[in-house]
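I have placed the structure first, in the form of structure tokens, so that the comments after it can refer back to it.
The values are calculated or read from the model by the stated rules, or taken from the named source; none is laboratory data. In this text the structure is predicted, and so the values were computed from the model without any measurement. Every residue, glycine among them, receives a Cβ derived from its backbone with ideal geometry; neighbour counts consider all protein chains shown. Areas reflect the complete protein model, heavy atoms only, side chains present, ligands, DNA and RNA absent. Shrake-Rupley method; radii C 1.70, N 1.55, O 1.52, S 1.80 Å.
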Amino acid sequence: MFKLVSGTFAGRAPLAAMAIVFSTHSEIVQAADAIAVDTDADDTGDLTPPPDPSRFGRFEQKLAGWHVVLGGGAIIVPKYEGSNEFKVMPVPFVSATFLDTVRVDPTGANIAVYEHGPFELSARLGYDMGRKEDDADRLRGLGDVDMGAVVGAKAAVKFGPAKIYAQLDKTIGGSDGMQGTLGIEVTQPLSQSWMVGAGASVVFADEKYMQAYFGVTPEQSARSGLTQYDARAGLKRADFSISATYTLNHNWMVRGQAGVGILMGDAADSPVVVDKVQPSGMLLVGYRF
């Protein structure tokens, strides 16, 4: 049975939630990317023209040139991956693109490396917030998984409204693990105001990542009371999402997204996991310059 708890916007909790909802393609497909690229008609098919920069002052013109989006909203996410308890909390949002090459958002920085026709190659610098044993009663005695830096690369091919991608992320510090993702995203404008999207992906993880988040060592078993468990490398989860974006005018937009992840393989069988079905949701309001 799902349990729902509320969280406040303080400390590491909102960052952890953004790591789940924004960053992680593996948890809910590219929410940060989606609201960021909604400002680019070439990528999304958005029929609404961007604001005229000439109506801004010098500072605002610079923000328009950087494709800055500011906003905020609320998210609902599991307390940890595998939990049956949820957090609802507010989150801020900001994204900007510099020289049409570097995009900065709550997940970190994405750098365009190569683009030719429908093919894209990019690099990513981000973070993994890790996990605290006091995030949930189920984690007591397991110890903390420390925060780590993430470096990654992504290759994508566009086919009309669809994009097929493959991404590889390596965590430096923390779990020291690696994750790979294969997925597809589809976005389609319905009118000048409405755009809908859907996505599906599968996530693979190496043994270091799986053991850090789903394994239970003999010492952890003695402290927590959970059964000792060795989590091996392999398929970790499958994710599905749907979204809708409504453009109120040249500047304001509202985006809602709902997704569900299904833990698989050794992750699903871990004694750390209470429920292998992991729903998530998001509602954001953004202002683009």
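Observations, loosely collected:
- 1.4 Å probe accessible area per residue over the stretch 153-289, in Å²: 45
- Model label points for Asp146 and Ile262, set 7 angstrom from Cα along the Cα-to-Cβ axis, are 3.7 nm apart.
- Among 213-220, 246-253, sorting by the average number of other beta carbon atoms lying within 10 angstrom of each residue, highest first, gives 213-220, 246-253.
- Evaluated at q = 0.15, 0.24, 0.25, 0.26 Å⁻¹: base-10 log I(q)/I(0), Debye formula over Cα of the stretch 197-289: -0.68, -1.10, -1.15, -1.20
- Size of the stretch 69-288 from its Cα atoms: along the principal axes, largest to smallest, the extents are 58, 35, 26 Å.
- Annotation: amide H-H contacts under 5 Å for Gly215 (H modelled 1.01 Å from N, sequence separation of 5 or more, or interchain): Ala231.
- Take the convex hull of the alpha carbons in the stretch 168-222; its mean projected area over all directions comes to 6.1 nm².
- Convex hull of Cα atoms in the stretch 107-146, direction-averaged projection (nm²): 4.3
- When the Cα atoms of the stretch 119-180 are aligned to their principal axes, the ranges along those axes come out at 49, 22, 13 Å in descending order.
- Only Cα pairs under 8 Å and 6+ residues apart enter the sum, and on that basis the relative contact order of the stretch 69-288 stands at 19 percent.
- Pairs over the 22 Å Cα-Cα cut-off, from the set Lys154/Lys236; Lys163/Lys208; Lys87/Lys208; Lys170/Lys276; Lys163/Lys276; Lys132/Lys276: Lys163/Lys208; Lys87/Lys208; Lys170/Lys276; Lys163/Lys276.
- Label-point gap, in nm, between Ala238 and Ala112 - each point 7 angstrom along Cα→Cβ: 3.4
- Extended-chain gain in nm, criterion 0.36 nm per residue less alpha-carbon gap, Glu219 and Ala155: 19.0 nm
- Positive-pole candidate from Ile184, Leu168, Ala123, dipole of the stretch 106-209, charges at beta carbon: Ile184
- The string of couplings for the stretch 103-119 from the Karplus curve (6.51, -1.76, 1.60, θ = phi - 60°) is 10, 10, 8, x, 7, x, 10, 10, 10, 6, 9, 8, 8, 8, x, x, 9 Hz, one whole number per residue in order, with x for Gly and Pro.
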